[in-house]
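*Asks:* One structure coming up, written as structure tokens, with questions to follow.
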Amino acid sequence: MQPRRALLYCTLLAFGVADADLTEQLDYTFYDVPVHKGASLGELLAAASPVHVNGKVYHAYTRWNVNWHYHYLRRSDGRCGIDSVATQLTATMTLPAPADPALAHDGLFVSYLKALKRHEQGHYEIGRNTASSIDDGIFSLPARDSCDALAAAAEALANARLARAREIEQRYDRDTGFGRSQGAWLD
């Protein structure tokens, strides 16, 4: 918790108001990669991967989603303020798994899988940072004259932060060459 938020949180608790809650869940999905003699690891992964985005096949993928719920209340001065926020990050990371024990011990596969997972963890961190930013942002919204205005401000804030996260993810992939600079690349 950042000091400013901690101070605000403690102040609001003293008045019996406000609570924020951020939860996260990361699930893993694995797809089997069979071994075929004469095929390169890249060919094996491309043939087995269920990840198809915009006509391209990827060897791994992380999909995350942020949901937020908030409650507000009308204060004694007639203004509407945030009472509580509950934000949830759910994510699924899809990675390859060896269908053949020989592949599980293949040095190239093991190092490539490690690099893929490191790259995908970066996508998950973007989701985590976004969820935290939405939770903190909504929690910190100042009171408004109407609850409708407060709800509109909360939704606008959350949607703007999601849009920014999409830009950050695109830049992350561009800057890492879709994981290439992190070792997630096969020739």
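*Asks:* Checking Gln88 against (1) of a type outside the set (D, E, K, R); (2) surrounded by fewer than 18 Cβ atoms within 10 Å (Cβ to Cβ); (3) without any contact (Cβ under 8 Å) to a residue 60 or more places away in the chain, which test does it fail?
*Replies:* (3)
*Asks:* Same structure again: Can you find a residue that is in a loop (DSSP other than H, G, I, E, B), charged (D, E, K, R), open to solvent by 70 Å² or more (accessible area, probe 1.4 Å) and at pLDDT 95 or above anywhere in segment 31-41?
*Replies:* no
Yes/no per residue for (1) without any contact (Cβ under 8 Å) to a residue 60 or more places away in the chain; (2) open to solvent by 40 Å² or more (accessible area, probe 1.4 Å):
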site	(1), (2)
Thr92	no, yes
Leu108	no, yes
Ala131	no, no
Arg161	yes, yes
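*Asks:* Right, next: What is the residue count in segment 94-106 for residues that are touching a helix residue (DSSP H, G or I) at 6+ places or on another chain (Cβ under 9 Å), surrounded by fewer than 17 Cβ atoms within 10 Å (Cβ to Cβ) and of a type outside the set (A, V, I, L, M)?
*Replies:* The total comes to 1.
*Asks:* How do the pairs read when you match residues in segment 164-182 that are more than 24 Å from Ser132 (Cα to Cα) with residues anywhere that are assigned to a helix (DSSP H, G or I) and among the hydroxyl-bearing types (Ser, Thr, Tyr), using Cβ under 6 Å and keeping only pairs 6 or more apart or on different chains?
*Replies:* That search, which allows pairs on different chains as well, returns Gln182/Thr176.
*Asks:* For segment 53-78, name all the residues that are part of a strand (DSSP E or B) and more than 19 Å from the chain's Cα centre (by Cα).
*Replies:* Lys56, Val57, Tyr70, His71, Tyr72, Leu73, Arg74, listed by residue number.
The values are calculated or read from the model by the stated rules, or taken from the named source; none is laboratory data. Just so it is clear, the model here is predicted, and its values are computed rather than measured. With ideal geometry, Cβ positions are generated from the backbone for all residues, glycine too; neighbour counts draw on all protein chains shown. The accessibility values were calculated without ligands, DNA or RNA, using every heavy atom of the protein model including side chains. Shrake-Rupley method; radii C 1.70, N 1.55, O 1.52, S 1.80 Å.
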